[in-house]
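Quick notes on the structure that follows.
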Amino acid sequence: MASYPDTLREQKTEAAVAVWDLLRNNIGKTANGFVDDKNTVTGKIVSVGPAYKDAKGEPLFGPESLVTLQSKEGIWTTIPAGQIRYISFLEKPSLDVSLPKVTPRNLIELSFSNKKAEQPFDMMYLANGLNWAPEYLLELTGDNAGTLSLQAEIANDAEDIVNTNLNLVVGVPNFAHANRLSYLVDYLSLVAPSLVSIRGSRNDLNTFSNSLRAQATNYYIDGIRVGGDLSEQEEIEGSHNEDLFFYTLKNFSLPKGGRSMQPIFKENVEVKHIYECQLPGNDGNRQQWEQEFLFTPQSNKVFHTLRLANKTNQPWTTASVLILNAQGERRPISQDLLTYTPAGGNTYVKLTEAVEVKVEQAEREISREQAAWTWHGTRYDLVQVEGKIKVKNFKDKQLDLRIQRNIVGSLKKSSVDWKKEEVIHPDVPRNRQARAIWETPVKADGELEIVYTFEVYVPAY
C-alpha cells in the first residue's frame with residue numbers, strides 16, 4: 001500500500017456565460033458578431049484561441065482570445081473576442097460549454113499478492129462525529145416489580161450510514177493513539193480530530209463512545225427512515241468482546257447530520273424499596289467527647305431508594321433513568337443516575353427524600369487509656385467510644401432501613417447486626433478506616449435504637 005498527491009483531470013459542462021465561451025463551443029457554425037451598432041463580422045467560426053496558459057500549461061480563455069471567422073467570399077477575419085458585443089447565429093447554437101476541471105487529490109495505491117480480478121478489501125479507521133447516549137425508563141408496576149426500558153440516542157455527524165450494522169458499546173474503550181493521523185493520509189500535518197471510532201468491513205460501522213447526549217426523534221431525511229420501534233417480540237442483539245458489551249442495530253440507516261432514538265430492550269425487573277441514610281463520619285483528630293449522648297435537633301437525611309436486580313445476561317450501562325409510577329395514573333416521580341451494573345449484580349437509584357423517617361445519632365466517651373501509644377514522638381490516648389442511633393418511622397407501613405457510616409477506629413460491638421469493612425488508616429497505623437452498614441427492618445409507626453462501640457487512638461492532651 002502506498003499513497004501520494006495527484007490531480008484529477010476531467011471535463012465539466014456548464015452554461016456559457018461569456019462571448020468567447022459561446023464562440024468556442026460553436027466552432028463550425030455561421031454567426032454574425034456585432035462589434036457595434038454599424039459594424040459586424042460574419043462567417044463560419046473557424047477557431048477560438050486561448051488567451052494564455054496557467055502555471056500547469058492549461059489553456060485559459062478570455063477577452064484577449066482571438067476569434068477567426070471565414071466568410072462565404074473566402075475572407076478570413078480575426079478579432080479579439082472581447083470586441084464582440086453580441087452574436088446572432090444562422091442555426092441553433094450550443095449554449096453549454098465544456099471546461100477542463102483539475103482537482104487536487106491524494107491517491108492510495110494497493111498492490112495485491114496475486115492476479116485475481118476480484119480481491120477482498122476491508123477498511124478500518126477512526127473518525128470523529130458518531131456518538132450515542134443511553135437513556136433508561138423505569139416503570140413501577142407493583143410493590144416489588146417494575147419494567148426497565150433502554151433507548152439509545154444516536155448523533156451522526158460523521159458520514160451517511162445506509163443499511164449498516166451499528167454496534168453501540170457499553171464499557172470503557174481504550175484508544176491511546178487515536179489522535180495521531182496515519183502518515184498514509186497526513187499530507188498537511190493536520191490536527192487529528194478527537195476520538196470516536198468507526199470500524200468495520202465496508203458495511204459495518206461501530207461507535208466506541210457514548211459520551212454525547214443529543215435530542216432525537218423519528219423522521220425521514222432524503223428518503224431514508226430514521227429511528228425504529230421495538231415490538232414485544234423484537235430485541236436488539238447483544239454480544240461480549242473482552243470487557244466490552246455491544247448492542248447491535250442491524251440494517252441501520254442515518255444520514256450525516258441526522259439524529260435517531262432507538263429502542264434497545266424492555267425487561268421486567270425485581271425492585272426492592274430501601275430507605276438509606278449516610279451518617280457523617282467521625283473526626284480522626286478529635287481529642288475529647290462528652291460523657292453523655294447529646295443529640296442535635298437536626299436529623300440526618302433519609303432517601304427512599306430502589307434496589308434493582310439485574311437478572312439478565314447483559315450489563316446495564318451508566319445512564320440517567322426516569323422513574324414513573326405506573327400503578328394507576330402514570331406520573332414521573334424521580335430521575336437519577338443508574339450506574340454500571342454487571343449481569344447478576346444490583347444497583348441503587350434514589351427516588352425522593354423520605355421526610356417521614358427520622359434518624360439521629362450521637363457519641364460519648366466511655367473510657368480512656370492515656371499515653372497508650374507513642375509514634376514519631378507523639379503520644380496517643382486509646383479512647384473507647386459508644387455511639388447511638390435513634391430511628392423513628394412515621395409511616396404506616398414497615399420499611400427496610402439501610403444506614404451507613406464511615407468511622408476512623410476499630411469497630412467492636414453493635415446491638416443490631418452490622419456489616420463492616422476495615423483497612424489500616426494511612427495517617428495513624430494503629431487506627432482502622434472502617435465502614436459500618438446496618439440493614440434492618442423498622443415497624444410501621446415504630447422506633448429503633450442501635451448502640452455500638454469502637455476504639456480509636458487520638459493525640460493525647
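Just so it is clear, none of the values below were taken in a lab; they were calculated from the coordinates. What you see is a predicted model; the values in this text were computed from it and never measured. Positions of Cβ are generated from backbone atoms using ideal geometry, with glycine treated the same way; all protein chains shown enter the neighbour counts.
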For this session: Report yes if some residue within region 20-42 is within 30 Å of residue 187 (Cα to Cα), among the small types (Gly, Ala, Ser) and either touching a residue at least 24 places away in the same chain (Cβ under 8 Å) or not in a strand (DSSP E or B) (or both); otherwise report no.
Result: no
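On the given criteria, is residue 173 part of a loop (DSSP other than H, G, I, E, B), surrounded by 13 or more Cβ atoms within 10 Å (Cβ to Cβ), touching a strand residue (DSSP E or B) at 6+ places or on another chain (Cβ under 8 Å) and in contact (Cβ under 8 Å) with a residue 24 or more places away in the chain? Talk me through it step by step, then tell me what you get.
Details: part of a loop (DSSP other than H, G, I, E, B): yes; surrounded by 13 or more Cβ atoms within 10 Å (Cβ to Cβ): yes; touching a strand residue (DSSP E or B) at 6+ places or on another chain (Cβ under 8 Å): yes; in contact (Cβ under 8 Å) with a residue 24 or more places away in the chain: yes.
Yes; evaluated as a whole, the condition is true for this residue.
For every residue, the table says whether it meets (1) assigned to a loop (DSSP other than H, G, I, E, B); (2) hydroxyl-bearing (Ser, Thr, Tyr).
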site	(1), (2)
260	no, yes
266	no, no
270	no, no
287	yes, no
295	yes, no
322	no, no
Exercise. Of everything in region 107-142 that's under 25 Å from residue 309 (Cα atoms) and charged (D, E, K, R), which residue is nearest to the chain's Cα centre (by Cα)?
Worked result: 135
Seminar exercise, completed: Sole miss for residue 47 among (1) part of a strand (DSSP E or B); (2) closer than 30 Å to residue 183 by Cα is condition (2)
Problem set entry | Within region 417-438, considering residues that are closer than 26 Å to residue 348 by Cα and surrounded by 15 or more Cβ atoms within 10 Å (Cβ to Cβ), the one nearest to the chain's Cα centre (by Cα) | 435
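Go over the candidates 77, 30, 7, 42 one by one and state the one that is within 30 Å of residue 183 (Cβ to Cβ) and of a type in the set (Ser, Thr, Tyr).
Values: 77 fails: within 30 Å of residue 183 (Cβ to Cβ); 30 fails: within 30 Å of residue 183 (Cβ to Cβ); 42 fails: within 30 Å of residue 183 (Cβ to Cβ).
Checking each option against the conditions leaves just 7.
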Exercise. Taking the condition touching a strand residue (DSSP E or B) at 6+ places or on another chain (Cβ under 8 Å) and surrounded by fewer than 14 Cβ atoms within 10 Å (Cβ to Cβ), does residue 78 pass?
Worked result: yes
Problem set entry | Selected residue (only one of 26, 39, 32 is buried (at least 16 other Cβ atoms within 10 Å of the Cβ) and out of contact with any Gly (no Cβ under 8 Å at 6 or more places or on another chain)) | 26
